[in-house]
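The values are calculated or read from the model by the stated rules, or taken from the named source; none is laboratory data. For clarity, every value in this text was computed on a predicted model and none was experimentally measured. Positions of Cβ are backbone-derived with ideal geometry, glycine not excepted, and every protein chain shown enters the neighbour counts.
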Amino acid sequence: MPLLEVDHVVVQFGGVTAVNEACFAAEAGRVTGLIGPNGAGKTTCFNVISGLQKPTRGAVRFDGRKVTSVPVHRRSKRGMGRTFQRLEAFGSLSVRDNVRVAADIHRGVLGAVRGLGSSSRGGVDALLERVGIAAYADERADSIPTGTARLLELARCLAGDPKLLLLDEPSSGLDETETDDFGDLLRDLAAEGRAILMVEHDMDLVMGVCDEIHVLDFGSVIASGTPQEVRGDAAVQKAYLGYAPEDEAEPAHVGSAEHPAESTRTDLPVLSDDTTVLPPVGAGPLPGGAR
Amino acid sequence: MSSFLAFTLFGLFSGAAYAIAASGLVLTYSTTRVFNIAHGALGMVMSFVFWDFSVRQGMPLWLALFLVLFVVAPGVGWFIQRFVTRGLGEGPVSVSLVVTVGLLVGCIGLATQIWPPEPRSVQPFFPGSDVELFGIFVTAHQIITIALSGVVAVGLYVLLNRTRIGTAMRASVDNPELLKLFGGKPEQVAALSWAVGTSLAALAGVLLVSTVGLDYYALTLLVINAYAAAMLGRLKSLPLTFLGAMSLGLITSYASGYLPTDGLLNSVRNVVPALFLFVVIVAMPQAQLRIGQVKGIVSAPQPSLFRALGWGGALLLGVAFLATAFGESKLLLLGTAATYAMVMLSLVLLTGYGGHVSLAQLTFAGVGALAYVKLEQANLVGLALSALIAAGVGALVALPVIRLTGLYLALSTLAFGVIMEKMVFQAEFAFGFNGTLGAERLSVLGVTIGSTAAYVWVMALFFVLMGLALLWLRRGTLGRMLIALRDSPAACGTLGLDARWFRVGLFGLSAGMAGLAGALYAGLRGSVGAAEFQYFNSLPLLLLAVVFGVTSVTGAALGGVGLMLLPVFQSSNPSAAGLIFAVIGFGAVALGRDPNGLANQLFKLGRLLDRRFGTKVRARIPVLPAPGEAQRRMHAEAEANAGAEPSLTSVGLHADGSVDVPLIADPSREVGAHAAPRG
């Protein structure tokens with residue numbers, strides 16, 4: 001059984017359906033990608049999974065138990081950790097204290113009150129070292145660059161040793177080398193037996209690191225599979241490009257007639273290659289994305 | 001039967017006036033996210049202006065009304081939005097609360113200064129033209145008020161739903177940034193809604209003034225009724241707000257008509273709006289954690305334990321010196337200052353560290369004092385029990401609103417303050433109305449501290465101990481959690497912190513500190529009464545705490561002295577009594593955005609002096625800590641205060657304390673900072 005199961009989740013805001021009968025899963029030891037055009041409902045899904053947003057319908061199962069009505073902090077205690085697309089670092093604290101406070105919270109308020117000693121500085125510094133931001137340890141968290149703050153959020157999660165990591169656009173703000181290192185880190189974390197579910201716009205990273213990818217469009221999962229499978233999927237290409245190259249008896253005609261090429265929903269570049277619309281691994285970062 | 005009709009009519013009349021006030025409150029809050037606690041105070045000032053125009057200057061009624069409603073009030077509203085509350089909506093709620101409380105106190109001060117207390121009366125509209133309806137007399141004024149509330153309702157509906165700017169107003173509720181992208185002007189929308197909102201406050205004030213009387217406080221606090229009504233509509237829905245206002249008007253009217261005139265139920269009559277507010281807030285559904293938080297707040301530097309001990313010792317020496325020099329009356333003042341300073345310490349914990357605002361901190365002090373008196377245990381056990389009882393009461397206040405956000409917590413403390421004062425403090429089983437209760441001086445280990453001088457010194461000792469405990473807490477695990485929770489509740493939740501219980505604990509601890517101060521105060525004075533813990537005085541207390549710096553122990557000490565000096569200054573300059581409140585209020589308006597307050601300016605001055613002369617002085621006096629010590633300490637300070645100053649380890653600190661600007665500090669950081677976000 002997968003560690004995390006999202007089962008027919010529906011989220012409505014007034015008349016808008018942000019998530020529509022979404023079903024997907026994330027398994028331990030694997031990196032799972034959640035991709036889709038802007039406004040597809042990815043972050044809302046994360047909010048539902050982590051407990052910040054109550055779904056209108058549907059269920060979330062984690063570690064064999066239904067957690068749909070379990071409050072945020074209890075889900076965390078059961079082994080969920082997440083990072084945020086819009087940063088939520090503790091700006092008034094130093095980078096080191098950000099992780100330290102997470103470790104303290106993990107041990108519980110009562111443990112802290114009893115004064116069993118603060119979390120070991122060595123452990124905290126090792127975490128900072130691991131995500132590669134040890135150089136910033138004494139900086140205030142609201143003064144560090146965006147990419148570093150995202151890594152800080154990851155380190156903060158890891159302080160709680162979570163079974164499931166929910167990463168919301170973790171690599172934005174990182175340069176190319178940093179992104180490569182980050183990919184290696186994700187593989188390592190998965191190899192430790194954690195499930196990683198990641199919303200990400202950097203297709204190089206997604207295609208290179210993920211074992212499985214779910215594609216979300218208009219709040220529903222339109223495709224799931226390995227990077228290869230997803231890349232060739234007609235529905236995915238349609239979601240990203242506005243038309244599917246498969247039914248291109250006269251692609252240019254179809255494209256220009258019903259879906260103009262400068263369609264606002266185009267996140268991926270239109271490539272001339274018929275079979276592979278998504279760029280091959282290593283072709284460089286894609287423009288667009290949620291900025 | 002006819003009396004029932006009369007009460008119904010009166011209820012509808014006051015409900016209509018509340019509805020007008022409340023709709024203005026909803027309008028300003030929903031478009032700018034700034035909850036204007038001074039809404040009623042603005043209505044009060046406008047009623048005075050109306051009196052000034054119509055009675056003192058003898059203008060025709062219609063002209064005075066026109067000028068107030070369509071010139072002065074909108075102008076003031078526009079001015080406030082433009083220069084006072086602009087941009088507060090995106091900041092922490094504690095800041096906008098403090099600023100508008102400052103506005104409230106400032107308005108009262110201004111009104112007292114311009115229109116000194118003297119009997120004034122405002123006639124109802126068309127006096128004498130009463131109509132008999134179903135056997136009861138209906139005044140023209142009442143009919144006009146009820147009709148005007150209908151006009152306001154329709155007018156607001158048309159404004160919001162049928163005009164372009166109204167659509168922009170509704171859009172700005174959801175997302176001002178998006179509105180800007182689509183060519184709307186959120187600033188214009190905000191200014192308009194404040195102009196209209198203030199005008200509505202003025203209208204409500206003018207309509208109510210003939211019934212309530214031209215009084216600084218009565219009209220200001222009528223705003224609690226408006227809050228209560230607006231809360232029913234969750235500060236969003238205008239129809240529900242009208243419903244809330246009408247029900248509140250009716251309930252209040254029936255309560256005053258049918259409740260018994262003695263016993264506990266009699267006191268309920270005075271607190272119906274506050275009870276209504278409390279019930280509505282408690283019944284509100286769970287608030288969602290807000291994501292996309294404001295970033296870190298620059299806090300005052302944390303002194304090292306060494307330095308804190310030094311200053312604490314110096315303070316105790318100073319107080320010991322003053323205690324021997326002062327006479328009895330000055331000693332009592334010094335003790336009062338120590339009391340206020342301790343209550344402000346409780347705000348340092350709650351507001352400065354925790355980011356929550358309490359508008360009833362003096363009430364908790366009153367609970368502590370009452371417990372101390374009633375326990376009749378004038379020793380450390382009794383003192384500790386008094387503090388515990390106050391802490392328990394504080395936790396109980398926070399418990400029902402545990403699920404809600406900071407604004408509602410603050411408002412429910414205001415309601416709590418009103419309820420406690422009218423129903424408990426003034427009741428026969430407590431202090432009694434205008435009554436006092438005797439209290440004994442504290443005895444420590446069997447030795448009664450009889451002399452006032454010694455007692456005041458013991459109070460200063462308690463202040464120092466509490467301050468040290470607070471600093472210790474701030475530096476430790478719990479302090480870090482407090483700051484983390486203030487910076488991002490959502491992140492704390494996903495890390496596994498149950499913010500709700502943590503908040504209840506914080507509130508209880510803070511109330512306990514205030515209660516301890518109150519208990520010590522009771523022992524100092526020997527007799528205490530309800531008048532010393534009036535809930536209204538919690539507001540200047542909060543303001544002075546913020547003005548002097550609510551993030552530091554030093555700020556609390558200075559603020560305590562400042563608050564003690566207020567009545568002294570007032571009694572020596574009776575003509576400037578209002579001016580002082582105006583200065584404090586508007587001072588808080590100006591300084592409220594920086595919770596570090598004046599104390600932080602002092603710290604900066606101290607660092608400047610240290611930089612200039614520190615090395616020389618230290619070189620001459622070898623006993624003082626070496627530069628290395630100073631460096632270590634400054635490092636700790638910089639950690640807490642590094643908003644502007646980057647960390648010193650990577651930047652480089654010179655022995656004289658000057659800091660390199662990090663232009664060329666760390667190449668890797670340069671790269672990181674300039675890496676363009678992508679993906």
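Rundown of residues vs (1) touching a Gly at 6+ places or on another chain (Cβ under 7 Å); (2) part of a helix (DSSP H, G or I); (3) within 12 Å of chain B (Cβ to nearest Cβ), yes/no style:
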{"residue": "A:149", "(1), (2), (3)": "no, yes, yes"}
{"residue": "A:153", "(1), (2), (3)": "no, yes, yes"}
{"residue": "A:156", "(1), (2), (3)": "no, yes, yes"}
{"residue": "A:165", "(1), (2), (3)": "yes, no, yes"}
{"residue": "A:181", "(1), (2), (3)": "yes, yes, no"}
{"residue": "A:184", "(1), (2), (3)": "no, yes, no"}
{"residue": "A:189", "(1), (2), (3)": "no, yes, no"}
{"residue": "A:196", "(1), (2), (3)": "no, no, no"}
Within region A:82-108, take every residue that is among the polar types (S, T, N, Q) and not in a loop (DSSP other than H, G, I, E, B) and give me the one that is nearest to the other protein chains (Cβ to nearest Cβ). A:94
Filter result for the condition that a residue is more than 25 Å from residue B:366 (Cβ to Cβ) and either in contact with a Leu (Cβ under 9 Å, 6 or more places away or on another chain) or not assigned by TED's automatic domain parsing to the domain that holds residue B:521 (or both), over B:391, B:484, B:410, B:439: B:484
Scanning region B:548-594 for residues that are under 20 Å from the mean Cα position of the chain (by Cα), more than 22 Å from residue B:606 (Cα to Cα), of a type in the set (Gly, Ala, Ser) and in a helix (DSSP H, G or I) gives B:578, B:582, B:585, B:587, B:588, B:590
Residue pairs meeting the criteria (Cβ under 8 Å; at least 6 apart or on separate chains; first over 14 Å from residue B:514 (Cβ atoms) and not assigned by TED's automatic domain parsing to the domain that holds residue B:517, in region B:456-474; second part of a helix (DSSP H, G or I) and modelled with pLDDT of 95 or more): none
Of the residues B:389, B:419, only one is over 20 Å from residue B:498 (Cα atoms) and within 20 Å of the chain's Cα centre (by Cα); which? B:419
If the requirement is being surrounded by 21 or more Cβ atoms within 10 Å (Cβ to Cβ) and part of a loop (DSSP other than H, G, I, E, B), which of these qualifies: A:214, A:201? A:201
Residue in region B:334-351 that is closer than 19 Å to residue B:520 by Cβ, in contact (Cβ under 8 Å) with a residue 24 or more places away in the chain, within 30 Å of the chain's Cα centre (by Cα) and surrounded by fewer than 21 Cβ atoms within 10 Å (Cβ to Cβ) present: no
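Out of everything in region B:359-381 that is modelled with pLDDT of 90 or more and not in a helix (DSSP H, G or I), what residue ends up being farthest from the chain's Cα centre (by Cα)? Don't jump to the end; show me each part of the working.
Just the residues of region B:359-381 that are modelled with pLDDT of 90 or more, to begin with: B:359-375, B:380-381.
Okay, now just the ones that are also not in a helix (DSSP H, G or I), so B:359-360.
Details: B:359: 5, B:360: 8 Å.
In this case the residue turns out to be B:360.
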Positions within region A:167-179 being facing chain B (nearest Cβ under 8 Å) and without any contact (Cβ under 8 Å) to a residue 40 or more places away in the chain, in sequence order: A:171, A:173, A:174, A:175
Taking the stated definitions as given, is residue B:497 touching a residue at least 12 places away in the same chain (Cβ under 8 Å), within 17 Å of residue B:479 (Cβ to Cβ) and crowded, with 24+ Cβ neighbours inside 10 Å? yes
Being at pLDDT 85 or above, hydrophobic (A, V, I, L, M, F, W, C) and surrounded by fewer than 18 Cβ atoms within 10 Å (Cβ to Cβ) is the requirement here; does residue B:543 meet it? no
Look through B:91, B:128 and report the one residue that is at pLDDT below 80 and closer than 24 Å to residue B:542 by Cα. B:91
Can you tell me how many residues in region B:322-331 are free of Cβ contacts under 8 Å to residues at least 24 places away in the same chain and exposed (fewer than 11 other Cβ atoms within 10 Å of the Cβ)? 3
Of (1) touching a Cys at 6+ places or on another chain (Cβ under 7 Å); (2) free of Cβ contacts under 8 Å to residues at least 60 places away in the same chain, residue B:424 satisfies every one except (1)
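Filter region B:132-158 down to residues that are of a type in the set (Phe, Trp, Tyr) and on the phi > 0 side of the Ramachandran plot, then give me how many there are.
Initial filter on region B:132-158 (of a type in the set (Phe, Trp, Tyr)): B:134, B:137, B:157.
Filter once more, so that each one left must be on the phi > 0 side of the Ramachandran plot: B:134.
Going through region B:132-158 one residue at a time, the tally reaches 1.
Given the criterion under 25 Å from residue B:37 (Cα atoms) and either surrounded by fewer than 16 Cβ atoms within 10 Å (Cβ to Cβ) or not acidic (Asp, Glu) (or both), identify the matching residue among B:126, B:79, B:137.
Numbers: B:126 fails: under 25 Å from residue B:37 (Cα atoms); B:137 fails: under 25 Å from residue B:37 (Cα atoms).
After applying the criteria, what remains is B:79.
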Checking residue B:94 against (1) touching a residue at least 12 places away in the same chain (Cβ under 8 Å); (2) closer than 30 Å to residue B:487 by Cα; (3) out of contact with any His (no Cβ under 8 Å at 6 or more places or on another chain), which single condition isn't satisfied? (3)
So, in region A:1-40, exactly how many residues are crowded, with 24+ Cβ neighbours inside 10 Å, out of contact with any Lys or Arg (no Cβ under 9 Å at 6 or more places or on another chain) and in a loop (DSSP other than H, G, I, E, B)? 1
Which residue out of B:97, B:69, B:63, B:104 is at pLDDT 90 or above and either of a type in the set (Lys, Arg) or under 14 Å from the mean Cα position of the chain (by Cα) (or both)? B:104
For region B:52-76, give me each residue that is surrounded by fewer than 21 Cβ atoms within 10 Å (Cβ to Cβ) and touching a residue at least 24 places away in the same chain (Cβ under 8 Å). B:52, B:55, B:61, B:65, B:69, B:70, B:72, B:74, B:75
